[in-house]
Amino acid sequence: MMQRASDTNARGASGSSPGAALARAIVRHPGIARLGAIVVLLVVWEIAARAWVDPMFLSPPSRVVGSLDAVFHTPGVPAALRITFFELAIAFAISVGIGLAIGLAVGLSGFARTSFMPIILLLYGVPQITILPLFILYFGIGPASKIAFGVSHGIFPIIVIIVAGVQNIKPILLTSARSMGANRWQIFRWVIFPHMIPSFFAGLRLGMTGVLLGVLLAELYVSTAGIGYFTTLFTQNFDPTKLLGLISLLAAMAIVLNEIVRRLEVHFGRWRAE
């Protein structure tokens, strides 16, 4: 009977369909599904742009990729990329610093959480594009207004998620650390930060997205340099190929920043495991 069962299993394994094998491969390697979704999206985009949509409004991805060299050689675009990346880096660093400080101060104090968290949520819910003229009035039309507007978009997700992460720490851990004579830095280093790593890096990713949105919105509305300025310029010139090429550069920039945050999360996740 054991021999018959083994023969049946062997026939079942050898007779498995290619679709089942592909499904098992996708389950084992999620990157295959991700790559497949991207390929399908690009194919649909290519067909739609060539068959149904007016080329004045949408260019196929093959033409967009071919235009990247022309985008880079457009006068002012390399400098605009440097300006936008500088604004993003400064705005993100300020958002993380202020967001972490406020998030810890509010999250670790019940009184502060009860008093100030509703105000933070109220400010977070305000459509900030409506107060962009105030940023321009206070900071001018230079990089300072873009950085400040990016900070206003990036700081609140970081604060909210850090407050939520701190609340998940068991109070007995803090009490035990204090009873053993740990100072504030030691409590943060060995108790608070290891337990809030997932929330902290989730907040970093959301904050990075918010900073990117804020900086680009400010550049779109009032700017003489930066990626937002050239986005508006290509749109007004009805040049969808260069416009989509520029957007692809922005997407690549966002992917690189997200990958940096992911690698930091993996690094500090090992530290937490230790």
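The values are calculated or read from the model by the stated rules, or taken from the named source; none is laboratory data. Predicted model only: the values in this text are computed from it and were never measured. Because the Cβ atoms are built from the backbone with ideal geometry, glycine has one as well, and the counts that use them run over all protein chains shown.
The listed residues are Leu216, Leu243, and the only one of them that is of a type outside the set (Gly, Ala, Ser), assigned by TED's automatic domain parsing to the domain that holds Ser95, surrounded by 18 or more Cβ atoms within 10 Å (Cβ to Cβ) and under 19 Å from the mean Cα position of the chain (by Cα) turns out to be Leu216. No other residue among Gly154, Gly97, Gly140, Gly76 is over 16 Å from Leu217 (Cβ atoms) and either in contact (Cβ under 8 Å) with a residue 24 or more places away in the chain or in contact with a helix residue (DSSP H, G or I) (Cβ under 7 Å, 6 or more places away or on another chain) (or both) apart from Gly76. On the phi < 0 side of the Ramachandran plot, out of contact with any strand residue (DSSP E or B) (no Cβ under 6 Å at 6 or more places or on another chain) and not in a helix (DSSP H, G or I) - does that describe any residue in the stretch 247-264? Within the stretch 247-264, not a single residue is on the phi < 0 side of the Ramachandran plot, out of contact with any strand residue (DSSP E or B) (no Cβ under 6 Å at 6 or more places or on another chain) and not in a helix (DSSP H, G or I). The one condition from (1) exposed (fewer than 13 other Cβ atoms within 10 Å of the Cβ); (2) under 30 Å from Gly165 (Cα atoms) that Ala93 does not meet is (1). Considered as a group, the residues in the stretch 104-135 that are of a type in the set (Val, Ile, Thr) and buried (at least 17 other Cβ atoms within 10 Å of the Cβ) include one that is farthest from Arg189 (Cα to Cα), and that residue is Ile120. State yes or no: is Ile187 modelled with pLDDT under 80, in contact with an Asp or Glu (Cβ under 9 Å, 6 or more places away or on another chain), part of a helix (DSSP H, G or I) and closer than 24 Å to Met117 by Cβ? So Ile187 does not fit the description; no.
Considering only residues that are surrounded by 14 or more Cβ atoms within 10 Å (Cβ to Cβ) and either of a type outside the set (Phe, Trp, Tyr) or outside any helix (DSSP H, G or I) (or both), which ones fall in the stretch 30-64? Steps first, answer last, please.
Keep residues of the stretch 30-64 that are surrounded by 14 or more Cβ atoms within 10 Å (Cβ to Cβ), which gives 42, 45-46, 49-50, 53, 58-61, 63-64.
Answer for the stretch 30-64, where residues must be surrounded by 14 or more Cβ atoms within 10 Å (Cβ to Cβ) and either of a type outside the set (Phe, Trp, Tyr) or outside any helix (DSSP H, G or I) (or both): Leu42, Glu46, Ala49, Arg50, Val53, Leu58, Ser59, Pro60, Pro61, Arg63, Val64.
The one condition from (1) more than 19 Å from Ala89 (Cα to Cα); (2) at pLDDT below 80 that Gly228 does not meet is (1). For Ala164, indicate whether it is of a type in the set (A, V, I, L, M), closer than 23 Å to Tyr229 by Cβ and at pLDDT 80 or above. Criteria not met by Ala164. Out of contact with any Leu (no Cβ under 7 Å at 6 or more places or on another chain), basic (Lys, Arg) and in a helix (DSSP H, G or I) - does that describe any residue in the stretch 137-151? Yes, the conditions are met somewhere in the stretch 137-151. Take Ile192 and tell me if it is within 30 Å of Val53 (Cα to Cα), assigned by TED's automatic domain parsing to the domain that holds Ala93 and of a type outside the set (S, T, N, Q). So Ile192 fails the test.
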